[in-house]
Structure formats: C-alpha cells, structure tokens
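Novice: One structure is given below, represented as structure tokens, and several questions about it will come after.
The values are calculated or read from the model by the stated rules, or taken from the named source; none is laboratory data. These figures come from a predicted structure and were not determined experimentally. Because the Cβ atoms are built from the backbone with ideal geometry, glycine has one as well, and the counts that use them run over all protein chains shown.
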Amino acid sequence: MAKSKLLNIDSLSFQGIDEDAELIPLMTPEDEEEINKEELPEILPILPLRNTVLFPGVVIPITAGRDTSIKLINDANSGNKVIGVVAQKDEDVENPGVDDIYKTGVVARILRVLKMPDGNTTVIIQGKKRFKIKEVISEKPYMTASVDEVAEVRPDLKNAEFGAIIESIKDLALQIIKGSPNIPSEASFAIKNIESPSFLINFVSSNMNLSVDEKQKLLKTNNLKNRALDTLKFMNVENQKLELKNVIQSKVQSDMSQQQREYFLHQQLKTIQEELGGASNEDEMEEMRVRAKDKKWDEKVEKHFTKELAKMQRMNPQVAEYSIQRNYLDLFLDLPWDKFSKDKFDLKRAKKILDRDHYGLDDVKERIIEYLAVLKLRNDMKSPILCLYGPPGVGKTSLGKSVAEALGREYVRISLGGLRDEAEIRGHRKTYIGAMPGRIIQSLKKAGTSNPVFVLDEIDKLNSGHNGDPSSALLEVLDPEQNSEFHDNFLEMGYDLSKVMFIATANSLSTVQPALRDRMEIINVTGYTIEEKVEIAKQHLLPKQLKEHGLTKEHIKIGKAQLEKIVEGYTRESGVRGLEKQIAKMVRYAAKNIAMDEEYVKKIANEDVIKILGSPRMERDKYENNDVAGVVTGLAWTSVGGDILFIESILSKGKGNLNITGNLGKVMKESATIAMEYLKSNAELLNLDPEVFEKYNVHIHVPEGATPKDGPSAGITMLTSLVSLFTQRKIKKSLAMTGEITLRGKVLPVGGIKEKILAAKRARIKEIILCEENRRDIDEIKAEYVKGLTFHYVSEMKDVIELALTNEKVNNPKEL
C-alpha cells in the first residue's frame with residue numbers, strides 16, 4: 001500500500017496537508033447507514049480526476065489547477081457541497097469531454113477547501129455513493145450530468161466465507177504495513193479500528209498501488225464479495241513484490257557491508273605493508289613519476305602519460321580498472337621510446353659474420369651489406385622490409401640472428417603461422433577484460449630497443465578468422481611510409497617502427513596478400529647444390545650435432561665423399577633439414593657405442609653409411625636410360641624446391657583415344673591434349689601416316705600417382721614423349737627439359753628455373769632444353785651452379801624435337 005498523500009489531478013506537483021488541518025474520523029457502520037439513506041441528486045457537477053479513483057467512504061485530498069475545476073469547487077462549496085467525481089481514462093487530456101471519462105463515479109462531499117501558498121486550491125473530499133452517468137447536461141462552464149445510483153449487492157455479514165475474506169484482508173494489510181518502510185505505523189491503528197467491511201474494502205482499494213484502470217474495475221464491481229476477492233488478489237501480489245524487494249535490499253545491504261569490510265581490511269593491509277617496508281599505491285605512483293622523468297619523451301607522449309597517471313590517482317584501488325590502468329602505465333614506462341642500438345658499420349666484419357653462419361645465400365648477404373653501406377653514409381635511412389622467400393630448411397629464419405649480430409642490434413622473432421586474430425598484431429582495447437598489447441609492441445618491450453632486427457616468421461601462413469584479418473593489420477607495420485606512427489589498440493598512441501629492420505620469411509608467395517607483398521622487397525632464397533650441401537654439412541651441421549650429443553670430432557669422422565653419398569642417397573630436399581636428421585643419426589650411432597663401451601668404426605666409409613642409414617632411398621631422382629620410346633625426363637618446381645619427373649607414353653591397338661593418368665591437374669592435362677593435337681596437325685613433318693592416329697590409343701602417365709601435379713611446365717616434355725613414341729626414336733642421354741607449349745607451335749617460358757637446375761644437377765643431368773626467354777634466368781644464376789650443364793634455348797616446338805631426339809631407333813621398335 002502507498003503512503004497517504006495528496007494526489008495531483010491537474011498535473012501539478014504533490015502537496016502536503018497543513019499540520020493544523022482537522023483530522024477526519026474513520027467511517028463507522030452508523031455513518032455508512034446514514035449515507036445510504038441520503039437521496040442522490042438528479043443532476044451533479046462532474047469533477048474529472050486525472051490520476052486517482054475515489055471510493056465510497058474514503059477521504060482524499062486533491063489539488064485543483066484547471067480553471068473549470070476551481071470554479072466547480074467554489075460553486076459547490078458555496079452551495080450544497082455535493083459533487084460527482086469520476087476518473088479520466090487518459091491523464092494527459094487537458095480538457096476531458098464525455099468520451100474521456102469513465103461512466104461510473106462516486107458522489108463526494110466537500111469537507112474543506114484550502115488555499116495553498118503556490119496559488120493552487122486543495123480540496124478534501126469524502127466519497128458517499130456510487131453513480132452512473134445517464135446523460136451529460138452541459139459542458140460549460142464545467143460538466144454537469146444527470147446520474148443514476150448504482151446499487152451495491154452486499155452479502156450477509158454473518159456469512160462465514162465473507163467474514164474470512166474480510167479477516168484475510170485485514171491481516172494482509174497489517175502485514176504489508178509492517179513490511180513497508182514507506183507506510184507510517186499509524187496506518188495499522190486505522191486498519192484495526194475499521195468496523196465496516198465495505199469501508200475496509202474501499203479504504204484498502206483506494207490506497208493500493210494500482211493503476212487507475214484497475215481501481216476503476218474494482219469500483220465498478222457491484223457485488224461486494226467479488227470486490228473483496230479481487231482486492232485480496234491484488235494485495236497478495238503486492239505483498240509478494242514487497243517481500244522480494246526486502247530480500248533484494250537485504251542482499252544489497254549485505255554486499256555493501258562486505259565492501260566496507262574489504263575496504264577496512266585493505267586499509268589495514270596498506271598500513272601493514274608500509275610498516276614492513278612495502279610500497280603503497282601512492283608509493284607506486286610516485287615511483288612511476290620518477291621513472292617518467294628519465295624518459296626522453298616528446299611533448300605529446302609526456303602529456304598523455306601525465307593525464308593517464310592522474311586518472312589512475314583518482315581511481316579506487318579496489319576496482320578492476322585500477323590494475324588495468326597500472327599495467328597500461330607500466331607498459332608506457334617499459335617501452336624503449338628513446339632507446340636505440342648503435343649500429344656497427346664495419347662492413348668487412350659484417351660480411352665475415354654472415355659468411356661464417358651461412359654458406360651460400362649470396363644475394364641475401366649482398367643486400368644486407370648494401371643496406372649497411374647506405375646507412376653508414378646517410379645514417380637516417382628508413383629500414384627496408386625484406387622478405388626471404390624459398391623452400392623450407394634453407395636458413396631463412398636463422399639468417400635473422402646473423403643479421404642482428406652483424407648490425408649489433410637486438411634480435412626479435414615472432415611466428416605468424418596459423419595466426420588468425422587481428423588483436424595479436426594490433427592489441428586489444430584496454431577497456432576489455434584481459435586486454436594486452438599486440439605482439440609487435442610486446443616484442444619491442446622485450447627487446448629493450450626501438451631498432452631491433454625483427455623476424456616475422458611464416459608470413460605466408462597467416463589466416464583470416466572471425467576476429468579479423470591479421471595480414472591486413474600487418475600492412476601498417478610493414479609500410480615504411482606508415483609505420484612511423486604504428487597504432488596499437490592497447491597503447492592508444494602512435495609508436496615509431498621506422499627504425500626496426502623487418503625480415504619476413506615465406507615458403508610460398510601465392511598465399512601472401514598482394515598489398516602486403518607489394519610492401520616488401522622479395523629475395524628468393526633457393527635451394528642448395530650437392531656441393532653446397534656437403535660444405536654446409538661439414539662446416540655447420542656435423543659440428544652442431546656433435547656438440548648436441550656431447551661428442552667431439554675425434555669420436556666420429558665423416559669425409560666429403562660420405563657426406564655426398566648421404567646427400568645424394570638419403571635426401572631430396574632443397575634445404576638441409578632432412579640432411580641434418582641423417583647426420584644426427586650417424587652421430588647417435590657413435591654415441592650409442594661409446595655409452596655401451598663397444599667397438600665401432602670412427603672413420604666412416606661408404607659401406608658404413610649404408611650399414612647405419614640403410615639402403616639409399618632417393619635413387620628415383622636419378623636419370624633413367626633412353627632405351628624405351630616415349631619416356632622423357634622433365635623438370636618441375638615443388639614447394640620444397642626443384643624435382644625431376646618422367647613422362648611415359650605407350651601405344652595400344654584402338655580407335656585413337658587419349659588417356660592421361662598420374663594425378664594431374666587441369667593445366668597439365670591441357671598440355672597433353674595440345675601436344676597430341678600439334679602432333680596430328682604436323683604428322684607430315686615427322687613422316688607419320690595420319691591414319692596411324694586412328695588405329696592406336698595413346699596413354700600418357702606421370703609416375704608417383706599419389707602426388708598431385710599441375711602446371712604448364714611439362715608441355716614440351718609431353719610433346720617430346722609423343723614424338724618419340726610415334727617415331728620410335730631414342731631420346732638423347734642425360735637430357736631434361738621444361739617449357740610451355742601453344743597450338744601455334746610456340747614454346748613459352750616458365751618459372752622456378754634455379755630450383756629446376758639444382759634438381760637436374762642432383763639427378764646427373766647434362767643437357768637442358770629451355771625457352772629462349774628463360775635465358776635471362778640462367779644468366780642470373782651463379783656460374784658454379786650451372787657448371788657441367790649445357791643449355792639449349794628454343795622458341796619453336798620443332799626445335800625441341802630436333803634437339804631431343806636422335807636418329808637411332810630404340811631396341812625392338814614397334815612397327816606402326
């Protein structure tokens with residue numbers, strides 16, 4: 001139930017009643033009986049109430065603000081003091097008409113009219129009888145209407161059920177009054193002293209927190225027993241709400257008490273820490289101020305730090321945001337804003353370090369020396385973004401360490417493989433729980449300088465996920481024109497990355513975003529020749545494995561011949577990772593025998609290599625003989641470097657069908673079709689009967705069917721295979737080829753030339769056929785790589801046939 005108050009019927013503020021106002025006595029059964037005997041006037045002035053409903057017997061104060069309402073009250077007060085009171089359907093209607101009011105209302109008597117200090121008129125009225133508007137007589141100067149009395153159906157007061165309902169209403173009303181702090185305790189006295197059941201129902205209904213519509217429905221109910229039941233239902237709902245509210249308030253009070261307890265405990269803990277010599281929050285902030293004085297920040301950064309420190313000072317140390325703010329300021333102080341490593345410009349020393357740690361890789365080392373030379377002359381050059389691109393195991397990542405040592409800079413490396421969250425690069429906003437800076441800023445903090453050598457490993461293996469595209473976030477990092485103001489979400493400030501030397505590594509450029517690739521200087525790190533692998537094994541891999549296994553060079557000796565046998569027979573990669581595993585196996589052989597005090601061979605011979613490593617497994621790389629027509633050696637590029645492949649073709653009696661197998665891709669199958677059609681259209685040049693193509697089926701196969709293969713590079717190889725097949729002429733010995741073909745008979749250039757050349761050398765190939773336009777690729781390769789190889793450059797298919805085929809027939813040629 002709501003506290004008794006003066007209700008505003010004209011949208012004016014609630015007003016209190018004068019303390020000297022005469023108290024209105026509660027209605028007795030005798031008063032009620034006397035009211036029932038009173039005659040109801042036929043015509044009544046109608047006073048609409050905005051936000052309340054008057055019930056019979058109930059006394060309420062109202063404030064009148066509308067001119068029509070004030071005139072009605074003044075006229076009635078000077079007359080018989082009787083008015084008709086009805087409720088408005090919509091309290092926002094300023095001048096209600098007939099359709100804006102409820103038809104059922106209560107006859108009221110004016111008990112007192114008070115002039116309030118604010119100019120409003122306050123009227124205390126008491127409800128008498130219910131009526132229903134029959135007809136509106138006039139609306140000026142205020143509404144008058146003819147009315148009919150609404151009879152009330154009252155049960156027998158001796159009815160046990162009705163008596164129980166009334167008692168329940170009383171008990172529940174007392175319970176609500178007791179549980180609500182807003183209702184004065186005097187209300188309990190009033191409830192206990194109400195004798196009339198109908199007045200009790202009306203009094204409780206009038207003071208409940210119900211809407212005007214709900215109260216109007218109660219007023220409209222003619223049967224007093226039904227009205228009592230409805231009132232009881234509403235009281236039960238209100239009591240349940242009150243109980244729930246009290247439970248919530250009790251819980252909140254308990255939580256507040258807990259917070260106060262924690263506050264006092266923290267204050268005690270702070271005092272204990274200070275007694276024991278620990279740092280309080282104020283001491284921490286003072287320490288931050290002292291550290292900030294030593295920083296050579298620019299004005300913008302210093303201003304931002306001062307502002308954030310002031311924000312932390314205003315925070316309650318107990319809230320979660322305090323620790324986030326402290327971590328934020330710690331990061332600010334830990335970052336090397338003004339720290340730079342001094343570059344060492346001894347170019348001869350730098351070259352010596354690069355040559356010591358990496359055999360080969362001349363292009364990369366030359367580019368580093370060039371950068372150092374320009375930096376030495378200008379001393380303000382923006383660091384380049386290098387991308388080392390090549391197969392696995394060729395030393396791309398380890399090159400970063402050598403570059404850092406050569407420059408005298410700190411070395412930082414982060415692996416980007418499988419990264420799919422943009423926040424890993426840019427960081428989280430510090431409003432999030434568990435927010436952290438990105439890995440770029442974290443790595444710089446760890447490095448302690450703002451110009452380290454930063455290796456971004458496996459940049460081609462970045463993934464896009466539902467948390468954004470990290471490769472797009474790297475665009476700002478790897479752009480020399482933008483990274484002077486790299487924005488980290490956690491840092492909320494631009495950080496200068498222009499002095500950082502970024503070195504990215506990738507196995508394949510096809511998965512690198514084009515815009516990102518455009519920002520980097522691509523350096524192709526190709527595979528090693530057999531000679532280079534042997535030198536790398538001798539100078540780096542064998543000493544490394546001996547050290548890791550606790551041995552010295554006296555415990556096992558592997559000569560160049562044996563290393564070459566390991567390279568040729570047990571590895572087929574462009575890099576040296578597999579080679580290192582085989583050498584490790586050789587060293588473990590010695591370690592096991594030493595540990596078991598057994599005799600073993602210290603100086604390894606060729607037969608010992610086979611005994612330890614087993615039979616050579618990579619002999620399929622080798623060139624095969626030319627005794628079979630239709631078998632030609634081709635050169636291919638793979639993700640792990642170059643390789644050789646064999647194109648096989650055979651004839652069988654049939655109707656001229658062409659079958660292609662070997663797990664080939666669409667482009668490679670198209671190359672076979674082009675080669676076959678070219679052969680048919682140029683049969684006369686090869687002295688072939690055109691009818692032979694309709695009598696035989698042709699089957700082209702590329703071995704190692706489990707390995708997918710695709711690309712245009714095998715075009716001239718397939719053509720040569722078909723020509724050899726139909727003419728039964730031998731292919732030149734130790735010959736391989738690569739190139740794309742067209743229907744016009746042209747030979748087009750292909751890529752991956754250096755990797756293919758290295759594969760040819762491993763396979764003991766002596767001659768290679770290439771497109772004329774690939775000559776420039778050969779010119780860029782070091783002479784030692786192509787030593788012992790003869791290159792034939794062609795531009796027409798007929799040139800390929802003339803170079804590849806001999807006039808000698810194969811053994812047991814097939815007669816066509």
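Novice: Output the residues belonging to the range 48-62 that are in contact (Cβ under 8 Å) with a residue 60 or more places away in the chain and either crowded, with 23+ Cβ neighbours inside 10 Å or of a type outside the set (S, T, N, Q) (or both).
Specialist: Result: Pro48, Val53, Leu54, Phe55, Pro56, Gly57, Val58, Val59, Ile60, Pro61, Ile62.
Novice: Is the range 381-391 home to any residue that is in the same structural domain as Asp457 (by TED's automatic domain parsing) and part of a helix (DSSP H, G or I)?
Specialist: Within the range 381-391 (the criterion being in the same structural domain as Asp457 (by TED's automatic domain parsing) and part of a helix (DSSP H, G or I)), the answer is no, since none of the residues qualifies.
Novice: Considering only the range 699-722, state which residues are within 47 Å of the chain's Cα centre (by Cα) and of a type in the set (Val, Ile, Thr).
Specialist: Across the range 699-722, the qualifying residues are Val702, Thr707.
Novice: Here's something else I'd like to know. State the number of residues belonging to the range 789-811 that are assigned to a strand (DSSP E or B) and among the hydrophobic types (A, V, I, L, M, F, W, C).
Specialist: Number of matching residues: 3.
Novice: I would also like to ask the following. Name the pairs: first residue in the range 698-714 and not assigned by TED's automatic domain parsing to the domain that holds Ile768, second residue assigned to a strand (DSSP E or B) and small (Gly, Ala, Ser), Cβ to Cβ under 9 Å, at least 6 apart or on different chains?
Specialist: Every condition considered, no pair remains.
Novice: Name the residues in the range 473-501 that are assigned to a helix (DSSP H, G or I) and buried (at least 16 other Cβ atoms within 10 Å of the Cβ), would you?
Specialist: Narrowing the range 473-501 to residues assigned to a helix (DSSP H, G or I): 473-477, 483-485.
Correct list: Ala473, Leu474, Leu475, Glu476, Val477, Asn483.
Novice: Something else: Can you tell me which residues in the range 676-722 are under 14 Å from Ile650 (Cβ atoms) and either in contact with a helix residue (DSSP H, G or I) (Cβ under 9 Å, 6 or more places away or on another chain) or at pLDDT below 85 (or both)? Spell out the reasoning first.
Specialist: Within the range 676-722, the first condition is being under 14 Å from Ile650 (Cβ atoms), and the residues that meet it are 676, 696-703, 718, 721-722.
Listed by number, the residues that qualify are Met676, Tyr696, Val698, Ile700, Val702, Pro703, Met718, Ser721, Leu722.
Novice: Out of (1) within 25 Å of Thr526 (Cβ to Cβ); (2) among the hydroxyl-bearing types (Ser, Thr, Tyr); (3) part of a strand (DSSP E or B), the odd one out for Ser649 is which?
Specialist: Against the list (1) within 25 Å of Thr526 (Cβ to Cβ); (2) among the hydroxyl-bearing types (Ser, Thr, Tyr); (3) part of a strand (DSSP E or B), Ser649 comes up short only on (1).
Novice: Looking at the range 77-110, which of its residues are without any contact (Cβ under 8 Å) to a residue 24 or more places away in the chain and either among the aliphatic types (A, V, I, L, M) or at positive phi (or both)?
Specialist: If the condition is that a residue be without any contact (Cβ under 8 Å) to a residue 24 or more places away in the chain and either among the aliphatic types (A, V, I, L, M) or at positive phi (or both), then Val93 is the only one that fits.
Novice: Another question about this same structure. If you check Lys445, Lys382, which single one turns out to be surrounded by fewer than 17 Cβ atoms within 10 Å (Cβ to Cβ) and either modelled with pLDDT under 85 or more than 20 Å from Ala473 (Cα to Cα) (or both)?
Specialist: It is Lys382.
Novice: Taking Cys387 as meeting all but one of (1) modelled with pLDDT of 85 or more; (2) surrounded by fewer than 15 Cβ atoms within 10 Å (Cβ to Cβ); (3) under 23 Å from Leu444 (Cβ atoms), write down the number of the exception.
Specialist: The single condition Cys387 does not satisfy is (2).
Novice: Starting from the range 438-457, keep only residues that are in contact (Cβ under 8 Å) with a residue 40 or more places away in the chain and assigned to a strand (DSSP E or B), then list their pairs with residues that are surrounded by 20 or more Cβ atoms within 10 Å (Cβ to Cβ) and basic (Lys, Arg) whose Cβ atoms are within a distance under 9 Å, requiring at least 6 positions of separation or different chains.
Specialist: Going by the 9 Å Cβ cut-off, the qualifying pairs are Val453/Arg409; Val455/Lys396; Asp457/Lys396.
Novice: Spot the failing condition for Val113; the list is (1) touching a helix residue (DSSP H, G or I) at 6+ places or on another chain (Cβ under 8 Å); (2) among the aliphatic types (A, V, I, L, M); (3) without any contact (Cβ under 8 Å) to a residue 40 or more places away in the chain, and only one is missed.
Specialist: The one condition Val113 does not meet is (3).
Novice: Could you list all residues from the range 746-765 that are within 41 Å of the chain's Cα centre (by Cα) and either surrounded by fewer than 20 Cβ atoms within 10 Å (Cβ to Cβ) or not assigned by TED's automatic domain parsing to the domain that holds Pro712 (or both)?
Specialist: Selection gives Gly751 alone.
Novice: OK, next. Does any residue of the range 633-641 turn out to be in the same structural domain as Lys733 (by TED's automatic domain parsing), under 24 Å from Tyr389 (Cα atoms), modelled with pLDDT under 90 and touching a Phe, Trp or Tyr at 6+ places or on another chain (Cβ under 8 Å)?
Specialist: No.
Novice: (1) under 60 Å from the mean Cα position of the chain (by Cα); (2) assigned by TED's automatic domain parsing to the domain that holds Tyr102: which one isn't true of Ile176, the others all being true?
Specialist: (2)
Novice: Still on this structure, I have one more. Just wondering, is there one or more residues in the range 532-542 that are in contact with a Lys or Arg (Cβ under 8 Å, 6 or more places away or on another chain) and loosely packed, with under 14 Cβ neighbours inside 10 Å?
Specialist: Scanning the range 532-542 turns up no residue that is in contact with a Lys or Arg (Cβ under 8 Å, 6 or more places away or on another chain) and loosely packed, with under 14 Cβ neighbours inside 10 Å.
Novice: Any residue at all in the range 510-522 that's under 30 Å from Leu758 (Cβ atoms) and touching a Ser or Thr at 6+ places or on another chain (Cβ under 6 Å)?
Specialist: yes
Novice: Can you tell me how many residues in the range 85-131 are of a type in the set (D, E, K, R), within 27 Å of Phe199 (Cα to Cα) and within 60 Å of the chain's Cα centre (by Cα)? Break it down stepwise before answering.
Specialist: Pass one, the range 85-131, residues of a type in the set (D, E, K, R): 89-92, 94, 99-100, 103, 109, 112, 115, 118, 128-130.
When the remaining residues are screened for being within 27 Å of Phe199 (Cα to Cα), the result is 89, 91, 103, 109, 112, 128-130.
Of the ones still in play, those that are also within 60 Å of the chain's Cα centre (by Cα) are 89, 91.
Final tally of qualifying residues: 2.
Novice: Next question. Looking at the range 458-472 only, could you name the residues that are farther than 30 Å from Gly408 by Cβ and not in a strand (DSSP E or B)? Even if it seems obvious, please write down each step before you answer.
Specialist: Applying the first criterion (farther than 30 Å from Gly408 by Cβ) to the range 458-472 yields 461-472.
Lys461, Leu462, Asn463, Ser464, His466, Asn467, Asp469, Pro470, Ser471, Ser472 - these are the residues of the range 458-472 that are farther than 30 Å from Gly408 by Cβ and not in a strand (DSSP E or B).
Novice: Considering the range 397-436 alone, what residues qualify as being among the charged types (D, E, K, R), in a helix (DSSP H, G or I) and within 30 Å of the chain's Cα centre (by Cα)?
Specialist: Passing the criteria: Glu424, Arg426.
Novice: Applying the selection to the range 144-183, what residues are touching a Ser or Thr at 6+ places or on another chain (Cβ under 8 Å), in a loop (DSSP other than H, G, I, E, B) and not β-branched (Val, Ile, Thr)? Don't jump to the end; show me each part of the working.
Specialist: Our first condition is that a residue be touching a Ser or Thr at 6+ places or on another chain (Cβ under 8 Å); within the range 144-183, this holds for 144, 150, 152, 154, 169, 174, 177-178.
Narrowing the set further to residues that are in a loop (DSSP other than H, G, I, E, B) leaves 150, 152, 154.
Residues satisfying the conditions are Glu152, Arg154.
Novice: Only one of Ala173, Ala187 is farther than 12 Å from Met235 by Cβ, of a type in the set (A, V, I, L, M) and surrounded by 14 or more Cβ atoms within 10 Å (Cβ to Cβ). Can you tell me which?
Specialist: Details: Ala173 fails: farther than 12 Å from Met235 by Cβ.
Testing whether each residue is farther than 12 Å from Met235 by Cβ, of a type in the set (A, V, I, L, M) and surrounded by 14 or more Cβ atoms within 10 Å (Cβ to Cβ) leaves just Ala187.
Novice: State which residue is surrounded by the fewest Cβ atoms within 10 Å (Cβ to Cβ) when the search covers only the range 116-130 and only residues that are over 16 Å from Leu72 (Cβ atoms) and in contact (Cβ under 8 Å) with a residue 12 or more places away in the chain.
Specialist: The qualifying residue surrounded by the fewest Cβ atoms within 10 Å (Cβ to Cβ) is Asp118.
Novice: Name the residue that is modelled with the lowest pLDDT, counting only residues in the range 503-557 that are polar (S, T, N, Q) and touching a Gly at 6+ places or on another chain (Cβ under 9 Å). If you could, list the steps in order and put the result at the bottom.
Specialist: Of all residues in the range 503-557, those polar (S, T, N, Q) come to 505, 507-508, 510-511, 513, 524, 526, 529, 539, 545, 552.
So of that shortlist, the ones also touching a Gly at 6+ places or on another chain (Cβ under 9 Å) come out as 505, 507, 524, 526, 529.
Working: Thr505: 90, Asn507: 86, Asn524: 83, Thr526: 77, Thr529: 73.
Among residues in the range 503-557 that are polar (S, T, N, Q) and touching a Gly at 6+ places or on another chain (Cβ under 9 Å), the one modelled with the lowest pLDDT is Thr529.
One line per residue, one yes/no per condition, for (1) in contact (Cβ under 8 Å) with a residue 12 or more places away in the chain; (2) charged (D, E, K, R); (3) over 17 Å from Ile731 (Cβ atoms):
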site: Lys756; (1), (2), (3): yes, yes, yes
site: Lys761; (1), (2), (3): yes, yes, yes
site: Ile768; (1), (2), (3): yes, no, no
site: Cys771; (1), (2), (3): yes, no, yes
site: Asp777; (1), (2), (3): yes, yes, yes
site: Val794; (1), (2), (3): yes, no, no
site: Ala804; (1), (2), (3): yes, no, no
site: Asn807; (1), (2), (3): yes, no, no
site: Pro813; (1), (2), (3): yes, no, no
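Novice: Specify the residue that is nearest to Ile594 (Cα to Cα); the eligible residues are those in the range 534-567 that are polar (S, T, N, Q) and assigned to a helix (DSSP H, G or I). Walk me through how you get there before you give the answer.
Specialist: Step one: filter the range 534-567 for residues polar (S, T, N, Q), giving 539, 545, 552, 562.
Restricting the remaining residues to those that are assigned to a helix (DSSP H, G or I) gives 539, 545, 562.
Working: Gln539: 24, Gln545: 16, Gln562: 21 Å.
So the residue we want is Gln545.
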